[in-house]
Each structure stands twice: as C-alpha cells, then as structure tokens.
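Colleague: Provided herewith is a single structure, encoded as structure tokens, for subsequent inquiry.
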Amino acid sequence: MVTLFELVCEPYNLHQAWQQLRAGKTTAERRKGAGVDGMTLAAWEADADARLAALQAALWQGSYRPEALLWFNVPHREPGRTRRLGIPTVTDRVAQRAVHRVLEPLYETVFLSCSHGYRPERSVFTAVAHILWHRAQGLRWVVDADIADYFNTVMHTRLLRQLAALEDERLRALLAGWLEVGATRPGLGLAQGAVISPLLANLYLHPFDVALIWDGWALVRYADDFVILCADKRAAQAALVDAADALAALDLALNAEKTTIVPFGPDFEFLGARFEG
C-alpha cells in the first residue's frame, strides 16, 4: 500500500507542486523574491529538474531539513497596523506545496461547509452568499467575531495531535519541522506566508466548527473571522458564550475589541461586504 509520504515524494507530484508554485496561488508563491538562502524563483527555475530530483532524494533519504524563514512586515488591511509574514525558501515552498497537494483532498472530505477561507471553490463571495442564505431563513441577529491573534497562538502540540490521525510518521515529521521553523513563539504559531499554513489553520479550527454546528448554530467562518446568525439577540448572546467556550477548548480566545452582537443591517460588515438589511 502506498503511503501518504510516498505520494508526496512521487516525481510527478513534486513537478506539479513546482508548476503550481510558479503559477502563484498563495502569498508565498506570488512572492518572486528569495528566502533566506538568496535563491529566487527565476534562479531555481534555471535548474528546476535537477533541483526537483535533489529534493526528492533528500525527502526519501530523510536528509531534508527546512531552512529558516525570511520574516518581514507588510501593511495590514486595517490602517496603521502591519502583518508579519514568514517566507520559506523556494525549495521549502515546493516541498510544502507537494504535501499540500496530498493532504488537501483528504481534509476536504472532512471540513464543514461553514468554512470558506483557503479552500478550493470557496472564497469571500461564497462566505457572503452563505450569510445571505442564513438571513433568508429569518435569522436577524449576528455575532460578528474575530479570534485574538490567531496565527500567533496556534499550539503546536495540539495541532500535532490532530495530525497524528495521518498515521504516517515521516509525513508528520515533515510537518513538525515546518511548524518549528515557522513558530512565532516557542511551540506556538503558524507562519503567515508559508504555503502549508492555511491548510493547517483550517485543520486547527475544525473542532471549533464541529462544536458550533453540533450545537445548532448558523456559523460562517473565513479563517479566523467568523459570524453566527441567530433568530434574536438572546440567542446571539448564547451563541457567543458557546463560541468562546469552543475556542477556549483550543487554547484560543475571542478578540474582545472586534467581537460584537448587532442586528443584521448597515452596522454589520464582514470581509469587506456591508449588509444593508
């Protein structure tokens, strides 16, 4: 039986990972500059076949080790704030994309429809459409919430326990290595800018999605931003308590400054969309 790690190392998968990297689907992939090793995408491409062969050999022989990330700040969507990105080397980006290609189809069979961020065939537009569908069912109050410092507070030990279900020690070791070099604090954090981080971010929050949906709440989540639509204000208050409890179970917390309960209308804005009633 072929293991997940063997699928990652398969030459065709690595080649497709490189092609997707060149096409630019994530922040890290769109960045044409080099990582800490100084190797740009253009330089890597000049000898791509040999580099892919070397990467496959290193992965297969167990000698692959991820490089440190190149860290820098970029403007946040909120004025006056910045976001810290950690960019892997091109070689590490190819390896992460190869793992992503293998794991994403598996997790897509598990992730719930309430989750819209960083997923194939989903986007801000599908999240907004989902909200409008819930509104059409008569839900007139909204818990508009944000997770406090999410990407910097993901607990590695908890995430690795979730990854243990993969039952592939070599693949888990790869992921653990990327978590370590991408840590924002010892044992914590996902590097925004790393190819594998969005998938792991959704995996970490999957138990949160399950808890809220199991409790019967109309949840719509996009990464660390989420809303819960409710029939009335009292229900919204109860939903907020349940959401806080579900996050606490993951060692996460609500961002009090960005979490509100509002009636559906002009005071409600989500992912740049303003809802007028």
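Colleague: Could you tell me what % of all Cα pairs in the chain have separations over 36 Å?
Modeller: Here the long-distance tail beyond 36 Å is 19 percent of all Cα pairs in the chain.
Colleague: Per Stokes-Einstein, at 4 °C and 1.567 mPa s, what whole-number D in µm² s⁻¹ belongs to the range 186-277, with the Kirkwood radius over Cα pairs as the hydrodynamic radius?
Modeller: 89
Colleague: Taking the chain as the reference, fit the longest principal axis to its C-alpha atoms, fit the long axis of helix 169-181 to the helix C-alpha atoms, and give the angle between the two in degrees, 0 to 90, nearest 10.
Modeller: Once rounded, the angle reads 70 degrees.
Colleague: When the chain is treated as a GNM, springs tying every alpha-carbon pair under 10 Å, which of 95, 194, 46 comes out with the largest mean-square fluctuation?
Modeller: 46
Colleague: Could I ask something else about it? Need one word for the range 76-152: rounded, prolate or oblate. Basis is the Cα gyration tensor (sqrt eigenvalues a ≥ b ≥ c); a/c below 1.5 gives rounded, then a/b vs b/c decides.
Modeller: Oblate shape, in that a/c is at least 1.5 and b/c is the bigger or equal ratio.
Colleague: On C-alpha positions alone, give me the angle between the axis of helix 233-248 and the longest principal axis of the chain, in degrees, nearest 10.
Modeller: The two axes meet at around 30 degrees.
Colleague: Tell me the net charge near residue 185. Cut-off is 15 Å between Cβ atoms, residue 185 excluded, with +1 for each Lys or Arg and -1 for each Asp or Glu.
Modeller: Around residue 185, the surrounding residues sum to -1.
Colleague: Ratio to report: Rg/Rh of the range 111-231, with Cα atoms as the point set and Rh obtained by the Kirkwood method; give two decimals.
Modeller: Checking Rg against Rh, the ratio lands at 1.02.
Colleague: Order 142, 110, 262 by their accessible area, 1.4 angstrom probe, all chains in place, largest first.
Modeller: Reading off the accessible areas and sorting them downward yields 110, 262, 142.
Colleague: Size of the dipole of the chain about the Cα centre, Lys and Arg at +1 and Asp and Glu at -1 on the beta carbon, nothing else charged, in debye to 20?
Modeller: Result for the chain is approximately 460 debye, rounded to the nearest 20.
Colleague: I've got another one for you. Report, in debye and to the nearest 20, how large the dipole of the range 127-225 comes out about its Cα centre when Lys and Arg carry +1 and Asp and Glu carry -1 on their Cβ.
Modeller: 60
Colleague: Next question, about the same structure. Given only helices, namely DSSP H runs of n ≥ 4 each adding -39500 (n - 2.57), what is the per-residue ellipticity at 222 nm of the chain, to the nearest 500 deg cm²/dmol?
Modeller: -14500 deg cm²/dmol
Colleague: First select every other residue whose beta carbon is under 15 angstrom from the beta carbon of residue 217; then total the charges, Lys and Arg +1, Asp and Glu -1.
Modeller: -1
Colleague: Based on Cβ point charges of +1 for Lys and Arg and -1 for Asp and Glu, what charge dipole magnitude is obtained for the range 203-277 about its Cα centre, in debye rounded to the nearest 20?
Modeller: It works out to roughly 140 debye.
Colleague: Here is a follow-up. Which net charge results for the neighbourhood of residue 127, defined as the other residues with beta-carbon distances under 11 angstrom from its beta-carbon, given Lys and Arg at +1 and Asp and Glu at -1?
Modeller: The answer is +2.
Colleague: Using the charge dipole of the chain (Lys, Arg: +1 at Cβ; Asp, Glu: -1 at Cβ; taken about the Cα centre), state which of 200, 63, 35 has its Cα farthest towards the positive end.
Modeller: Checked the options; the winner is 35.
Colleague: For the chain, find the longest principal axis of its Cα atoms and tell me its angle to the long axis of helix 48-61, 0 to 90°, nearest 10.
Modeller: The angle comes out near 80 degrees.
Colleague: Under 10 °C and 1.306 mPa s, how fast does the range 114-181 diffuse according to Stokes-Einstein, given a Kirkwood radius computed over C-alpha pairs? Answer in µm²/s, whole number.
Modeller: The estimated diffusion coefficient comes to 104 µm²/s.
The values are calculated or read from the model by the stated rules, or taken from the named source; none is laboratory data. The model shown is predicted, which means the values in this text are computed figures rather than measured ones. Reconstructed Cβ throughout: ideal geometry from the backbone, glycine too, with neighbour counts over all protein chains shown. With ligands, DNA and RNA removed, areas are computed over all heavy atoms of the protein, side chains included. Shrake-Rupley method; radii C 1.70, N 1.55, O 1.52, S 1.80 Å.
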